[in-house]
Structures are given as C-alpha cells and as structure tokens.
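The values are calculated or read from the model by the stated rules, or taken from the named source; none is laboratory data. Because the structure is predicted, anything quoted here is derived from the model rather than measured. Here the Cβ positions follow ideal geometry from the backbone for every residue, glycine too, while neighbour counts run over all protein chains shown. With ligands, DNA and RNA removed, areas are computed over all heavy atoms of the protein, side chains included. Shrake-Rupley method; radii C 1.70, N 1.55, O 1.52, S 1.80 Å.
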Amino acid sequence: MMRHVHGTNVWRVGEPLPEPAEFDGLVTDQVGPVLTTFAADCVPLLFADPVARVCGSAHAGWRGTVAGVAPRVVARMGELGARPADVRVALGPSIGPCCFEVQADVAAEFARVCAGSVQQRGGRTYVDLWQTNRELLLKAGLAPEHIDAAPPCTHCDPRRFYSYRRDGAGIGQHLAFILGGS
C-alpha cells in the first residue's frame, strides 16, 4: 500500500523505504505481495507482464498522468525483466472525459502531453485522463490491444462509485489491487 502524492515515484517491493514513504506506483516480481492503489476519481492502473511475472499498480490523478506515472511504472517493471510489448494494463473506474471539467492551466498541461485529450463543449473545457494514459502507455511501447482504457466514469454513477469531484472531501475511495508474481 502507498501514500499517494500525485507524483511519479514508483517503489519496488523489497527496496529500502525512504522517509517519507510516498509513492504513486508500486512494482514487484515477488510471488505473494498484493499491490494496491486507492482512487475516487483519479485513475487506478493495474499492470501485469505474464511472461516475466512482473506486476505493478499506479494512482494517476491529473498531475501524475501528465507527469508520466504510467510509463514510469512500465520502466520500473523493465528493471525486473518485463518487456513493454508483454505488459498488459487495465484502467479502473475513474472520472471520464464526460465529466472532468478543468481550467485553462490544467488543459494546457494536457495539451502539452496529449493534445487530443482536451475537449471544448458548451463553452467549457474537459480533459480525458483515459486517453492521455493510453497514449503515454503506447509511447512506452505497449501494444494497443494490451491496454484496457474504457472504465466506467465514477462521477456519472453515484450508486456504484465514489467521486471526489461530485461528493467532496471525506467520501470513500475505491481499492484496486493485483497479486504479485502469480
């Protein structure tokens, strides 16, 4: 488990823990550890290389997304023998492009990384976290068919999902997890 800070630090299970232990990604090639990530609009990502038996998890809010936490996890998995062409990634429930309204400064950050992820509708600006993470993963060498980037939108479905943007602070969070090395 990690304390999310909306960055790109990725910890490999077994490395010495720095102080403070704050990460937005985890990787392992060990059998048994359960890697987790929490989210309530941010994108939880789960990674697996079934050939090298390496897995990872990441928390990708807008800052971590544009800073490249997803490709950073792929790179750290590579240190353990994973090949990007073999890595599979699933994006979990998170705020979708239908609901993720942003101001001009955030839109400019997304346009710098993935211009197609910025959308104008009804005089408002929206960004697509899913498309941006997908494009960054493709640039990191993943095969398009190995990226499941069509999760449900947390903001749209209050019966099933928590949403920080919809409900405010103090709500619950979702837990995404993957079992290491199996």
Scan of the stretch 5-38 for residues that are touching a residue at least 60 places away in the same chain (Cβ under 8 Å) and either in a strand (DSSP E or B) or open to solvent by less than 10 Å² (accessible area, probe 1.4 Å) (or both), ordered by number: 10, 12, 28, 34, 35, 36, 37, 38
Qualifying positions in the stretch 50-84 - open to solvent by 50 Å² or more (accessible area, probe 1.4 Å), part of a helix (DSSP H, G or I) and over 12 Å from residue 140 (Cβ atoms): 62, 63, 67
Pairs where the first residue, in the stretch 166-179, is of a type in the set (Lys, Arg) and the second is open to solvent by 30 Å² or more (accessible area, probe 1.4 Å), C-beta under 7 Å, 6+ apart: 166/155; 166/158
Within the stretch 85-134, considering residues that are in a loop (DSSP other than H, G, I, E, B) and open to solvent by 50 Å² or more (accessible area, probe 1.4 Å), the one nearest to residue 43 (Cα to Cα): 98
Criterion violated by residue 41 - all others in (1) of a type in the set (D, E, K, R); (2) assigned to a helix (DSSP H, G or I); (3) surrounded by 23 or more Cβ atoms within 10 Å (Cβ to Cβ) satisfied: (2)
Top-ranked residue in the stretch 145-169 [being under 30 Å from residue 86 (Cα atoms) and in a helix (DSSP H, G or I); ranked as least open to solvent (accessible area, probe 1.4 Å)]: 146
